[in-house]
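Step one of this worksheet: look at the structure below.
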Amino acid sequence: MGAGDPVVFRGRVRWWDPEKGSGLAVIDVPAAFVAGLGGRKQARLAGSLGGVPFTGSGMLVAGGGYCVGLSKAALKAAGIGVGDEVEIVVGRV
């Protein structure tokens, strides 16, 4: 799989800042898929969340992780909330 090809994985939606308990929602990208998204670089991403198209941003996570930011509109359209596990298909734009 080359950089830019979509990756497919399951993840749990969480708050970016769990102590705040609100704000930006994200899904952590498993380490095995980070290279397929072009590495740990901030980037525009697009794909589907629970089968519903969305766009978002790839973001660095402290400690070496990587996540996908999810807008409230994308979550609402997919009928997904924080704490839900969902299939995500995502690639670089």
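Every read-out reported here was derived from the displayed coordinates using simple, explicitly stated rules and does not represent laboratory data. Given the structure is predicted, the values throughout are model-derived calculations rather than measurements. Here Cβ is always computed from backbone atoms with ideal geometry, including for glycine, and neighbour counts include all displayed protein chains.
Odds and ends about this structure:
- Neighbour cut-off at most 11 other Cβ (10 Å), DSSP loop, trypsin sites (Lys or Arg not before Pro), segment 3-52: 20
- Within the chain, the GluC sites (Glu not before Pro) that combine a DSSP coil assignment with at most 14 other C-beta atoms in a 10 angstrom radius are 19.
- Between amide H atoms placed 1.01 Å from N, distances below 5 Å from residue 24 occur with 16, 17, all of them 5 or more places distant or on a separate chain.
- Dipole moment magnitude, nearest 20 debye, the chain about Cα centre, only Lys, Arg, Asp, Glu C-beta charged: 220 debye
- For residue 45, the amide hydrogen comes within under 5 Å of the amide hydrogens of 56, 57, 58, 93, counting only partners 5 or more places away or on other chains and with H modelled in the peptide plane.
- 3J(HN,Hα) along segment 11-26, derived from phi through the Karplus expression 6.51 cos²θ - 1.76 cosθ + 1.60 where θ = phi - 60°, amounts to x, 9, 6, 9, 6, 4, 10, x, 5, 6, x, 6, x, 6, 9, 9 Hz, with x in place of Gly and Pro.
- Taking Rg and Dmax of the Cα atoms in Å as calculated from this structure, the corresponding entry among (1) 13.0, 36; (2) 21.7, 65; (3) 12.0, 37 is (3).
- Long-range amide H partners of residue 38 with built H, under 5 Å: 4
- 3J(HN,Hα) couplings calculated from phi for segment 74-91 with the Karplus curve 6.51 cos²θ - 1.76 cosθ + 1.60 (θ = phi - 60°) are, in sequence order, 5, 4, 4, 4, 8, x, 10, x, 4, x, 6, 9, 8, 7, 10, 10, 8, x Hz; Gly and Pro show x.
- Local net charge near residue 74, Cβ-Cβ under 15 Å (Lys/Arg +1, Asp/Glu -1): +2
- In the chain, helices alone account for a calculated mean residue ellipticity at 222 nm of -2500 deg cm²/dmol, with every DSSP H run of four or more residues adding -39,500 (n - 2.57).
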